[in-house]
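For reference, the structure is listed below as structure tokens.
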Amino acid sequence: MRMESLYLGIELDDAGCSMAWFNPESRTVQKLENQAGIYEIPACLCFDENEHRWYAGEKAWESRGKEGCVVLNRLVSLFQSGQYLKIDGECYTDEDMLQEYMNYVLNEAVKRSGMNQVGSLAICLEKAGIRESEKISRICSRLGMDPLNIHVLNRQESFMYYLMSQKREIWSNVSLLFDYSRKGLFCYEVSQIKGLRPVTAQAHVERIDGAPSMEMTAKEGEERIAADRWFAGLAQKKMSGKIVSSVMLCGEGFHNISWARQFILSISSQKNRKVYQAEALYGMGAAFAAYHIADEYRNFPYRCICDGRISVTVSIFVDEKGENEQLVLARAGTSCYEARTSTDLNLIGQNCLNLFVRNTGAQESYKLPLDLSAFMSDGRSRTKIRLSIAFPRVNTMIVRVEDLGFGEFYPSTGQIIEQSYNV
């Protein structure tokens, strides 16, 4: 019997696309492979001028050099740069081209999984801002998906979802990820912020300068030995003074680790430390995210603080049946793109609205007063307002208040107050 919907994670990168899915029965994530056991799809698109149609993936890659075929690779860079392409007098935007590719990928995911449809989708990009999130949401919506079931993550977020979905012993202290490819070497570090509930972890990433090239690790002799020695020294530096529970390796440079004997000894020197080679890690992390985000009542039980996610909780106090109740507008650990909210409030006998902001780990909140006296300038005692907040960046909050009026006796003034805060 076919399961109805697919919890799908996708990593989109110029080097290719990898897909994984979350199995709710076994509560595990598995790579989505084709019949040949290959889970990567080339990030390649081809326009066949003879047939006047697009091809994506393997068929597009195989069309290189064929007459009448316009082949595009590095699709993610093209998408993020906002470029367009003109073929036979027709203009194709970056969204048009990525839509053609995503249509192929989503159909391939359904085919490989044997399910009816994609129910929840999380897409991982190396860097994902609000602009990319909005564009991908539009693309997948045009392909028939509900925008509420589309989520865009960066690599830090995907790594945290992957890591914190494992047994607690793997990430109980500090966890490191070394990502080594032709783009360079990146080191991700995740650590818990002690004493917080829910359990909260923070991550940061560092691009390591001066890393040996992959060509050095492929050569026999002194260059390979020197590269291994360099990585071993880096590992000792990164782990010095820390209790490291686990180390993970991913990227093309670690597909074969036979060159890295000293490095592997360095990262596995502690008895209880776990060391893993993790293929398709970001796609698998996205699959965990697709499952956990799909249902608000099944939220991820942990809080993640990293690039792309806010580190503050914002609230106001409202009168609810005579009781002073706290209303949370944005919660720490929410992505910037999804930390947008709007609520209507009755403003009675007050000219100021106080927002309370609490930083992650802080015991006390601080107050941000917002002057609303302009809404009461005609002597009225009440009005209705629409309060909206958004985070264009992790440390910038935009607050917007619109006067809606209060029935025919107090019509709207039409005024809007907007204020930006550094938080």
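What to note about this one:
- Listed residues Ile267, Ile316, Ile136, most fluctuating in the chain (Gaussian network, C-alpha, under 10 Å): Ile316
- Dipole check for the stretch 183-252: with +1 at the C-beta of Lys and Arg, -1 at the C-beta of Asp and Glu, and the Cα centre as origin, the magnitude is about 520 Debye.
- The DSSP beta bridges internal to the stretch 72-207 are antiparallel in roughly 85% of cases.
- Among the GluC sites (Glu not before Pro) in the stretch 366-423, those located in a DSSP loop and surrounded by at most 11 other Cβ atoms within 10 Å of their own Cβ are Glu408.
- Candidates per trypsin sites (Lys or Arg not before Pro) in the stretch 4-113, loop by DSSP, up to 10 other Cβ within 10 Å: Arg27
- Computed with a 1.4 Å probe over protein heavy atoms only, the accessible surface of the chain comes to 50 Å² per residue.
- Accessible-area order (highest first, 1.4 angstrom probe) of the listed residues Glu323, Glu11: Glu323, Glu11
- Ranked order, Asp307, Asp319 - accessible area, probe 1.4 Å, largest first: Asp319, Asp307
- Listed residues Cys187, Cys17, Cys91, most fluctuating in the chain (Gaussian network, C-alpha, under 10 Å): Cys91
- Ranking Tyr84, Tyr162 from most to least accessible surface, computed with a 1.4 Å probe over the protein chains only, gives Tyr84, Tyr162.
- Taking only the C-alpha atoms of the stretch 82-234, the Rg (one decimal) and the largest Cα-Cα distance, Dmax (whole number), read 20.4, 62 Å.
- Rounded to the nearest 20 debye, the dipole size of the chain about its Cα centre is 1640 debye, using +1 on the Cβ of Lys and Arg and -1 on the Cβ of Asp and Glu.
- Expected 222 nm ellipticity per residue - DSSP helices of 4 or more, -39500 (n - 2.57), all of the chain, to 500: -7000 deg cm²/dmol
- Reducing the stretch 347-377 and the stretch 143-219 to their Cα centroids gives an inter-centroid distance of 36 Å.
- From the C-alpha gyration tensor of the chain, square roots of 5λ in Å: 43, 30, 20
- Placing unit charges on each Cβ (+1 for Lys and Arg, -1 for Asp and Glu) gives the chain a dipole about its Cα centre, and among Gln363, Phe79, Cys44 the Cα reaching farthest toward its positive end belongs to Gln363.
- D (Stokes-Einstein, µm²/s), Kirkwood Cα radius, the stretch 39-92, 1.306 mPa s at 10 °C: 137 µm²/s
- If both residues of a DSSP beta bridge must be in the chain, then about 75% of such bridges are antiparallel.
- Accessible area of Leu347 in the full protein assembly, 1.4 Å probe (Å², nearest 10): 10 Å²
- Principal semi-axes in Å for the stretch 254-324 [√(5λ), Cα gyration tensor, largest first]: 43, 16, 11
The values are calculated or read from the model by the stated rules, or taken from the named source; none is laboratory data. Everything numeric in this text was worked out from a predicted model, so none of it was measured. When we count neighbours, we look across all protein chains shown, and the Cβ atoms used for this are built from the backbone with ideal geometry, even at glycine. What goes into the accessible areas is simple: the full protein's heavy atoms, side chains included, and nothing from ligands, DNA or RNA. Shrake-Rupley method; radii C 1.70, N 1.55, O 1.52, S 1.80 Å.
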